[in-house]
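Reading through the structure tokens given below for one structure.
The values are calculated or read from the model by the stated rules, or taken from the named source; none is laboratory data. What you see is a predicted model; the values in this text were computed from it and never measured. All Cβ positions, glycine included, derive from the backbone under ideal geometry; neighbour counts span all protein chains shown. These accessible areas exclude ligands, DNA and RNA; they are computed on the full protein's heavy atoms, side chains included. Shrake-Rupley method; radii C 1.70, N 1.55, O 1.52, S 1.80 Å.
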Amino acid sequence: MEQFKLTTLLIFEQWATIRIEKGVSKESVLKNSASVGIIQRDESPMEKGLSGLRGRDFELSDVFYFSKKGLEAIVEDEVTQRFSSEELVSWNLLTRTNVNFHYISLRLTMVWVLGVIVRYCVLLPLRVTLAFIGISLLVLGTTLVGQLPDGSLKNWLSELVHLTCCRICVRALSGTIHYHNKQYRPQKGGICVANHTSPIDVLILTTDGCYAMVGQVHGGLMGIIQRAMVKACPHVWFERSEMKDRHLVTKRLKEHIADKKKLPILIFPEGTCINNTSVMMFKKGSFEIGGTIHPVAIKYNPQFGDAFWNSSKYNMVSYLLRMMTSWAIVCDVWYMPPMTREEGEDAVQFANRVKSAIAVQGGLTELPWDGGLKRAKVKDTFKEEQQKNYSKMIVGNGSL
């Protein structure tokens, strides 16, 4: 039934895209299709552009090349665009669109209005009901299981409650998940690391297996859920003051993975949500703990709904409303062979190796930048590193 729904949606989306392309001028389509970005830039490396400047006297016109590169970086850098929704290949009959899908016709408008009625008047009430049932059962079930003495029965019931409730919550989003290479699913006593697009990444992974969560203690509804879950399962929650103590966090995590009977730890090393197109710098802390790393790549299909959480634009309530009024959440999850730190390899090199493997498997762009740039200013060390690389390119072998 779910596959029939998705197939039907794809047919309507393709029809809507064709209607849009027919409604706009051919010249405009070609212009917008030339680049999914704001500007059309020269992708050739800077070293190639500088090669013609070496070995001759300086000319005033030489500054134009550097000015052009600087303006390109200001208008559209490769970091900032990772914190906004990715551009669509075809219109998904939702509100959000891109520069290619602004054409409006009466027929398209009627189809869109019909979709709004279905999504808000039929799907949304059903999904809210399912979500309420799933969260209520999770809190009630983990609280009751938490009263049992430690043992195999408690562990089995805890995993059953977590799996059942998470699957109900995923159905509340009309989630369709395709798991690949299940023989490589994270094992107990290990660390599962994955790229991070959305808060629902946790639900996506927990639908197929249980994990010990790592995170900061929250208040409100999230705090109630956390306190109930930790009674039934050894999740690792930290107070805000403890999160700043790196050594304390590392100690708690090492103690957890030392017990091979405990669930694998689930960590998102990027530390923030990236827009389903890229993988940014992995924090090295997760790779200093030791133990076996189980990489997992997650890739969402934006044709049915945008799973990316732009936390600087939407709060959690607004984001969940967008999720529950999407057509569906469709994604692929790839389990990958376990990886361990090689001899002579430091934590940063190990983190980069795991990140590269996830990027290749998920078809994502690998970027060296820190996801913390989403809210924080660029560190001086980053600036100095880029300045050194820039000066090397200009000076070359000293002939300029």
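The C-beta contact set for the range 247-274 (first residue more than 23 Å from residue 232 (Cα to Cα), second residue in a loop (DSSP other than H, G, I, E, B) and of a type in the set (Ser, Thr, Tyr), distance under 8 angstrom, 6+ apart or interchain) comprises 272/311; 273/197; 273/198; 273/311; 274/197. Filtered by the rule that a residue be at pLDDT below 90 and in a loop (DSSP other than H, G, I, E, B), the range 353-379 gives 367, 368, 369, 370, 375, 376, 377, 378, 379. In this structure, residue 150 does not satisfy being out of contact with any helix residue (DSSP H, G or I) (no Cβ under 9 Å at 6 or more places or on another chain) and open to solvent by less than 60 Å² (accessible area, probe 1.4 Å). How many residues are over 17 Å from residue 200 (Cα atoms) and in a helix (DSSP H, G or I) if we restrict to the range 134-159? Residues meeting the conditions: 17.
Scanning the range 264-276 for residues that are at pLDDT below 90 and open to solvent by 20 Å² or more (accessible area, probe 1.4 Å) turns up just one, 271. Taking (1) in contact with a Gly (Cβ under 6 Å, 6 or more places away or on another chain); (2) open to solvent by 20 Å² or more (accessible area, probe 1.4 Å) in turn, residue 297 satisfies each apart from (2). If you go through the range 270-304 and keep only what is part of a loop (DSSP other than H, G, I, E, B) and more than 28 Å from residue 255 (Cβ to Cβ), you end up with 273, 274, 275, 276, 277, 280, 302, 303, 304.
Residue by residue, here is whether (1) under 23 Å from residue 187 (Cα atoms); (2) among the basic types (Lys, Arg) holds:
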residue: 284; (1), (2): yes, yes
residue: 300; (1), (2): no, no
residue: 309; (1), (2): no, no
residue: 312; (1), (2): no, no
residue: 317; (1), (2): no, no
residue: 321; (1), (2): no, no
residue: 327; (1), (2): no, no
residue: 330; (1), (2): no, no
residue: 335; (1), (2): yes, no
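The helices (runs of 4 or more DSSP H) falling completely within the range 179-260 that include 1 or more residues that are β-branched (Val, Ile, Thr) and at pLDDT 85 or above map to 201-206, 220-232, 246-258. Of the residues making up the range 61-115, those that are at pLDDT 70 or above, exposed (fewer than 14 other Cβ atoms within 10 Å of the Cβ) and under 24 Å from residue 321 (Cα atoms) number 5. If you go through the range 172-207 and keep only what is among the charged types (D, E, K, R) and crowded, with 18+ Cβ neighbours inside 10 Å, you end up with just 201.
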